[in-house]
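What follows is a single structure, written as structure tokens, with notes after it.
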Amino acid sequence: MKLRILLIVCLGLFSWQHAIAWVYPEHRRIAILAIQKLPEAQRIVLEHLWAEARTGHENRLTPSLFDLQNPLRPKQLDYASWMGIAGDHSCSPDAMLKTVLYSDWILRVAEITFHLEADLAKAKNASQLINALRDSDIKLQRADIDYATRAGSNNVHFLLSRRTSSERAEEFLANSLRDSVDLNAIAAYAWFHTLALRKATLYAARTTPAEQKAALALAALADEAFAIHFLQDMFSAGHIAGTWGNASLRKGTHDYYNERGLEVITWEGTKRVAKGDAYMRDEDADFAAEAVKLSLQQLIGAAEGNSTKSNTDWLNVKLRPDTLDVCKNTLLPNGKLDFDLVKDVLMKTPVPGLGSGLGELPRFRSELGLFLGVSTSVNVSSIRGGFASGQEVPGSVAGIEADVMIGYGLEGVLNQTGDGLVFFQAGWRQDSPSSTQFSTNDPNYQANTITSIIPGRSAYSVRLRLPFWLVPGDLLLAGPILGFTHPKAFQKIAVEAVNGGVIGWQSRFATPIGRFQFVLGREVGISIYGLGGTADALFVPTSSNTLAIVTYKSIKYDFPFLEYQPVRSFSQSQSSALKLQFSFGVDAPFKTAAITPVAQTDFELKPIWYVSVRLIFNWRYYF
Ligand SMILES: [Zn+2]
């Protein structure tokens with residue numbers, strides 16, 4: 001019952017995908033590059049606008065548009081950082097500006113991302129990059145409580161797919177901006193960029209009172225930064241390839257193209273290979289910066305009073321940044337959009353992939369969502385002697401196991417090192433006889449079944465896996481209570497659990513040969529031997545120095561503590577995985593009875609401790 005409640009809570013909590021495109025330092029880097037590309041005269045206008053917007057906020061905002069110092073403990077934020085805070089750490093330009101100006105946690109976010117930027121630059125291979133992301137995501141989730149769950153109710157960070165291969169830029173733009181269209185990156189860009197242009201036009205108008213100018217400069221810059229965030233997202237490969245299907249398919253496809261890259265062509269015909277989130281190269285930043293530069297130039301033009309649109313209706317705007325919430329809204333509201341200027345910028349962005357159907361880009365799966373699966377494994381255990389007292393000679397036992405499983409995959413919710421796998425599995429196992437013999441000095445009887453101190457036997461087994469926050473099983477207890485009374489608090493601990501627990505010791509550690517993970521407390525296996533029609537029996541030396549044949553049952557508790565998985569692979573249909581798991585446990589006998597001699601009682605069976613290694617093959621079908 002509790003598991004069911006937990007699953008329901010999880011399904012509700014994790015139906016989002018944390019796919020927000022470029023990471024913060026990448027957003028900021030593109031912005032810096034775009035500002036650097038501006039002609040001197042235009043850059044001065046933008047600097048002037050920034051200086052005016054800073055009025056009264058000099059403590060929080062840096063004097064220049066960007067600050068390349070990246071201090072260890074930032075006290076101020078530059079304009080370029082707003083593009084990273086927009087969308088990913090705030091839901092509207094208004095909320096972004098309040099966060100930038102008045103919150104303390106955003107300085108901590110800036111600090112974490114400066115470290116991330118340095119770590120990404122230092123990373124020599126994929127595993128170092130993955131570990132850098134893991135470290136920053138764990139810290140970001142602590143600094144910004146909504147970090148993992150803010151994005152997700154819509155596809156605002158993604159481009160819509162094209163409907164036909166012959167679709168022209170104007171048609172695609174019109175479709176992306178039609179009334180009540182699903183929020184998408186172009187819609188968000190057009191919406192906020194138009195508002196920024198209108199506010200900049202009003203700022204430039206001669207009739208605007210001087211005391212309103214600072215507020216208008218601030219509002220226009222906030223709206224524009226928010227718009228540019230989504231313009232930058234349009235250059236991330238995983239956001240160009242198209243997003244549809246279940247969470248497993250959407251996340252798998254997104255991750256695949258971000259990592260492996262995608263050949264793209266812009267609407268005006270420039271060809272490039274694009275990579276995506278956390279994989280940005282110099283050429284990717286340069287590619288996106290061209291479009292961002294044009295967007296800024298349009299804003300600068302409006303602020304210089306060059307706008308062709310200046311009727312009173314167009315200038316009827318608020319003095320504050322916009323409040324359209326891109327996290328909660330799923331549709332583009334009706335409103336004024338500057339199609340012509342937006343189209344000029346759109347021409348510099350990549351043409352997205354075709355929608356579902358003929359000609360679509362290949363899709364990939366990730367381990368995300370509800371699944372049914374089968375699991376097989378082979379194992380070898382080193383055991384401490386036998387069940388009878390005095391049997392202390394170590395030996396080994398091999399076994400095979402087959403199971404069916406049902407569960408919920410939460411792999412890579414924040415990044416590749418997260419492991420939120422929840423499952424229950426049931427099956428059957430067969431164990432070989434123990435290698436330890438009664439007469440170890442006689443080589444003729446080595447590894448003989450009859451003389452083995454533990455004969456071969458089979459068991460029914462169950463296994464439960466669940467991430468935990470602080471102590472094993474805590475989500476099971478907290479879920480039903482917190483999940484309903486304080487969903488946000490539960491969300492936070494669930495996300496931390498998925499990412500390796502409150503102290504993070506259970507997150508995966510990437511190496512060039514694969515991923516290692518401490519899993520103690522995450523998983524427990526129970527096998528019950530002797531439930532079949534024929535009782536298990538073994539020879540037991542009695543205290544009167546005879547041998548008794550004793551029937552028994554036993555229950556084995558298995559506690560995995562370390563796992564190794566080869567490097568992540570992408571699969572187009574079902575997910576399958578190979579892993580090596582190290583565990584320890586104890587095998588405790590019960591219901592013992594002597595059958596020969598009947599009613600013999602002077603014997604005793606003791607529990608056996610063991611360490612074991614299992615090679616596991618999993619096949620899972622995600623719904
Ligand atoms: Zn984004």
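The values are calculated or read from the model by the stated rules, or taken from the named source; none is laboratory data. The shown structure was predicted, so the numbers you read here are calculated from the model rather than taken from an experiment. Quick reminder, even Gly has a Cβ in these numbers, built from the backbone with ideal geometry, and neighbours come from all protein chains shown. Note: accessible area is taken over every heavy atom of the protein model, side chains too, but ligands, DNA and RNA are not part of it. Shrake-Rupley method; radii C 1.70, N 1.55, O 1.52, S 1.80 Å.
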**Study point:** Inter-residue pairs, beta-carbon under 8 Å, first on the phi > 0 side of the Ramachandran plot and within 12 Å of the ligand (Cβ to nearest atom) and in the stretch 85-97, second assigned to a helix (DSSP H, G or I) and open to solvent by less than 10 Å² (accessible area, probe 1.4 Å), 6+ apart
**Key:** 87/188; 87/226; 87/229; 87/230; 87/233
Study note, to complete from the structure: Within the stretch 288-304, residues closer than 23 Å to residue 24 by Cβ and open to solvent by less than 10 Å² (accessible area, probe 1.4 Å) come out as 288, 289, 291, 292, 295, 296, 299
Practice item. Would you check if residue 372 is over 30 Å from residue 398 (Cβ atoms) and of a type in the set (A, V, I, L, M, F, W, C)? Key: no
**Study point:** Among (1) open to solvent by 20 Å² or more (accessible area, probe 1.4 Å); (2) within 16 Å of the ligand (Cβ to nearest atom); (3) under 20 Å from residue 189 (Cα atoms) - the single one residue 275 does not satisfy
**Key:** (3)
Review point. How many residues does the stretch 249-264 contain that are open to solvent by less than 40 Å² (accessible area, probe 1.4 Å) and of a type in the set (D, E, K, R)?
Key: 2
Practice item. Would you check which residues across the stretch 83-102 are more than 26 Å from residue 282 (Cα to Cα), out of contact with any Ser or Thr (no Cβ under 7 Å at 6 or more places or on another chain) and crowded, with 16+ Cβ neighbours inside 10 Å and list them? Key: 91, 93, 95, 97, 100, 101
Practice item. Test residue 203 against the stated conditions and say whether it is assigned by TED's automatic domain parsing to the domain that holds residue 293, over 21 Å from residue 288 (Cα atoms) and either away from the ligand (no atom under 16 Å from the Cβ) or out of contact with any strand residue (DSSP E or B) (no Cβ under 7 Å at 6 or more places or on another chain) (or both). Key: yes
Check your understanding: Which residue, of 314, 267, is more than 27 Å from the chain's Cα centre (by Cα), surrounded by fewer than 22 Cβ atoms within 10 Å (Cβ to Cβ) and under 25 Å from residue 52 (Cβ atoms)?
Key -> 314
Check your understanding: Are any of the residues in the stretch 242-255 assigned to a loop (DSSP other than H, G, I, E, B) and either within 15 Å of the ligand (Cβ to nearest atom) or not assigned by TED's automatic domain parsing to the domain that holds residue 289 (or both)?
Key -> yes
Check your understanding: Quick one: is residue 457 at pLDDT 90 or above, basic (Lys, Arg) and under 30 Å from residue 495 (Cβ atoms)?
Key -> no
**Study point:** Which numbered condition residue 16 misses (of (1) in contact with a Ser or Thr (Cβ under 9 Å, 6 or more places away or on another chain); (2) modelled with pLDDT of 95 or more; (3) surrounded by fewer than 19 Cβ atoms within 10 Å (Cβ to Cβ))
**Key:** (2)
Point to revise | Out of 130, 106, sole residue that is of a type in the set (Val, Ile, Thr), more than 16 Å from the chain's Cα centre (by Cα), crowded, with 20+ Cβ neighbours inside 10 Å and more than 16 Å from the ligand (Cβ to nearest atom) | key: 106
Check your understanding: Based on what the data block shows, is residue 193 farther than 26 Å from residue 252 by Cα and open to solvent by less than 10 Å² (accessible area, probe 1.4 Å)?
Key -> yes
Review point. Does residue 182 meet the test of being farther than 30 Å from residue 45 by Cβ, within 16 Å of the ligand (Cβ to nearest atom) and open to solvent by 40 Å² or more (accessible area, probe 1.4 Å)?
Key: yes
Exercise for review: Go through (1) touching a Pro at 6+ places or on another chain (Cβ under 9 Å); (2) more than 16 Å from the ligand (Cβ to nearest atom); (3) open to solvent by less than 60 Å² (accessible area, probe 1.4 Å) one by one and return the number of the condition residue 60 breaks.
Suggested key: (1)
Review point. Can we say residue 211 is more than 16 Å from the ligand (Cβ to nearest atom), farther than 30 Å from residue 305 by Cβ and over 32 Å from the mean Cα position of the chain (by Cα)?
Key: no
Practice item. State all residues of the stretch 139-164 that are open to solvent by 50 Å² or more (accessible area, probe 1.4 Å), away from the ligand (no atom under 16 Å from the Cβ) and not in a helix (DSSP H, G or I); if no residue qualifies, say none. Key: 145, 163, 164
Revision key, fill the gap. Expected single match for of a type in the set (Asp, Glu) and within 16 Å of the ligand (Cβ to nearest atom) among 224, 171, 167 is 224
Exercise for review: State which residue pairs qualify: first residue at pLDDT 75 or above and inside the stretch 568-580, second residue outside any loop (DSSP other than H, G, I, E, B) and surrounded by 13 or more Cβ atoms within 10 Å (Cβ to Cβ) in any location, beta carbons under 6 Å apart, and separation of 6 or more residues or different chains.
Suggested key: 576/619; 577/618; 578/617; 579/563; 579/565; 579/616; 580/564; 580/615
Review point. Hey, does the stretch 69-82 have a residue that's more than 16 Å from the ligand (Cβ to nearest atom), under 21 Å from residue 287 (Cα atoms), of a type in the set (Phe, Trp, Tyr) and touching a Leu at 6+ places or on another chain (Cβ under 7 Å)?
Key: yes
Review point. Can you tell me which residues in the stretch 386-407 are β-branched (Val, Ile, Thr), under 21 Å from residue 552 (Cβ atoms) and open to solvent by 50 Å² or more (accessible area, probe 1.4 Å)?
Key: 393
Review point. Identify, please: which residue in the stretch 325-345 is of a type in the set (A, V, I, L, M) and at pLDDT below 95 and is, among those, nearest to the chain's Cα centre (by Cα)?
Key: 326
Review point. When only residues in the stretch 421-445 that are touching a strand residue (DSSP E or B) at 6+ places or on another chain (Cβ under 9 Å) and modelled with pLDDT under 75 count, which is farthest from residue 525 (Cα to Cα)?
Key: 445
